[in-house]
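Engineer: Quick one: the structure is below, questions incoming.
The values are calculated or read from the model by the stated rules, or taken from the named source; none is laboratory data. Predicted model only: the values in this text are computed from it and were never measured. Every residue, glycine as well, gets a Cβ built from its backbone with ideal geometry; the counts of neighbours run over all protein chains shown. For accessibility, only protein heavy atoms count, side chains too; no ligands or nucleic acids. Shrake-Rupley method; radii C 1.70, N 1.55, O 1.52, S 1.80 Å.
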Amino acid sequence: MKKDFIKNNIKKEKLLNKFLSKNDLEIDDKIMTVKITKKIDKIRFNQAFNKLLNK
């Protein structure tokens, strides 16, 4: 059970890194990436967003 959870997290991180590492995305693609990221990993998204706002 724990191994499956870890594997799913690794897959999610790889997918997010793939989306976020593309520099040639248009603004619509970037907005969609943010929306997907928020749905997949809401806790880390909120932490990153709050950290950005506090700068």
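Engineer: To the nearest 0.05, how large is the calculated FRET efficiency for residue 3 and residue 47 if R₀ is 25 Å and r is the Cβ-Cβ distance?
Structural biologist: The value I calculate is 0.50.
Engineer: Can you sort 27, 10 by 1.4 Å-probe accessible area, starting with the largest? Show your work: numbers first, answer last.
Structural biologist: Details: 27 115, 10 85 Å².
Reading off the accessible areas and sorting them downward yields 27, 10.
Engineer: What is the gain in length, in nm to one decimal, between residue 40 and residue 14 on full extension, counting 0.36 nm per residue of separation less the C-alpha to C-alpha distance?
Structural biologist: 8.1 nm
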